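So the structure is just underneath, and the comments pick up after that.
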Amino acid sequence: MDASRATGDDEVLQRLQALGLVLPEPPSPLGAYRAVIEAAGLLHVSMQGPVVAGHPLPRGLLGAELTLEEGRQAARLAVLNALAQVRLHLGGFQRVRQIVRLEGHVACVQSFTQHPQVLDAASELLARLFDTRAGHARSVCGVRNLPGNLPVAVTLTLEVEPSRR
């Protein structure tokens with residue numbers, strides 16, 4: 001492993017700290033599934049929402065109870081939870097080669113059309129944390145509701161280096 005990959009975990013954690021952020025404790029799955037699956041060089045992170053200590057924060061629909069900025073904050077927290085799952089599964093970020101795909105669901109009223117701007121907050125955070133490894137494909141859609149009345153939920157797919165175990 002080259003030196004840049006060996007320090008990958010420290011670099012991401014330092015960038016988080018510089019932004020005044022910390023990785024939360026990874027949330028437990030809400031059902032009969034695994035939070036993370038690694039297969040064929042890819043890491044798939046199940047849907048993560050803005051959950052803090054087991055409690056959804058905030059709750060509600062964008063365009064009704066929540067503003068665009070509150071949705072953006074929820075997207076950032078959701079992607080932090082996804083990254084916490086990645087770190088727990090991999091033991092750090094050293095094996096991350098590339099963020100491949102970010103998918104977002106935004107719970108909103110029918111007239112809300114700023115879905116891309118909501119998910120931009122997650123994409124922008126990934127870019128600040130992973131630099132050149134953060135370029136990713138993305139999709140976002142509006143939905144009527146999400147579990148726990150969450151306003152935003154994201155999934156991540158990452159390319160990872162093979163395990164040396």
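The values are calculated or read from the model by the stated rules, or taken from the named source; none is laboratory data. What you are looking at is a predicted structure, and each value in this text was computed from that prediction instead of being measured. Cβ coordinates were reconstructed from backbone atoms using ideal geometry, including for glycine residues, and neighbour counts include every protein chain displayed.
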Output for segment 149-165, where each listed residue is assigned to a loop (DSSP other than H, G, I, E, B), touching a Leu at 6+ places or on another chain (Cβ under 9 Å) and loosely packed, with under 15 Cβ neighbours inside 10 Å: Ser163
Boolean, Ala82 is touching a Pro at 6+ places or on another chain (Cβ under 8 Å) and part of a helix (DSSP H, G or I): no
Residue list for segment 107-116, restricted to those being polar (S, T, N, Q) and surrounded by 16 or more Cβ atoms within 10 Å (Cβ to Cβ): Gln114
Total residues in segment 129-148, condition among the hydrophobic types (A, V, I, L, M, F, W, C) and not in a helix (DSSP H, G or I): 5
Residue that is farthest from Ser163 (Cα to Cα), among those in segment 51-90 that are surrounded by fewer than 16 Cβ atoms within 10 Å (Cβ to Cβ) and at pLDDT below 95: Leu57
Looking only at segment 121-138, and only at residues there that are among the small types (Gly, Ala, Ser) and crowded, with 17+ Cβ neighbours inside 10 Å, the one that is farthest from Phe93 (Cα to Cα): Ala121
Selection from segment 139-148 of residues that are within 22 Å of Pro27 (Cβ to Cβ) and either surrounded by 18 or more Cβ atoms within 10 Å (Cβ to Cβ) or touching a Ser or Thr at 6+ places or on another chain (Cβ under 6 Å) (or both): Val140, Leu146
Gly71 being in contact (Cβ under 8 Å) with a residue 60 or more places away in the chain, under 22 Å from Pro24 (Cα atoms) and out of contact with any Cys (no Cβ under 7 Å at 6 or more places or on another chain): yes
Subset of segment 31-71 (residues that are in contact with a strand residue (DSSP E or B) (Cβ under 9 Å, 6 or more places away or on another chain), assigned to a loop (DSSP other than H, G, I, E, B) and not charged (D, E, K, R)): Tyr33, Ala35, Gly41, Gly49, Pro50, Leu57, Pro58, Gly60, Leu61, Gly63, Ala64
Only listed residue being under 19 Å from Ala122 (Cα atoms) and over 13 Å from the mean Cα position of the chain (by Cα), chosen from Val96, Val36, Val45, Val51: Val96
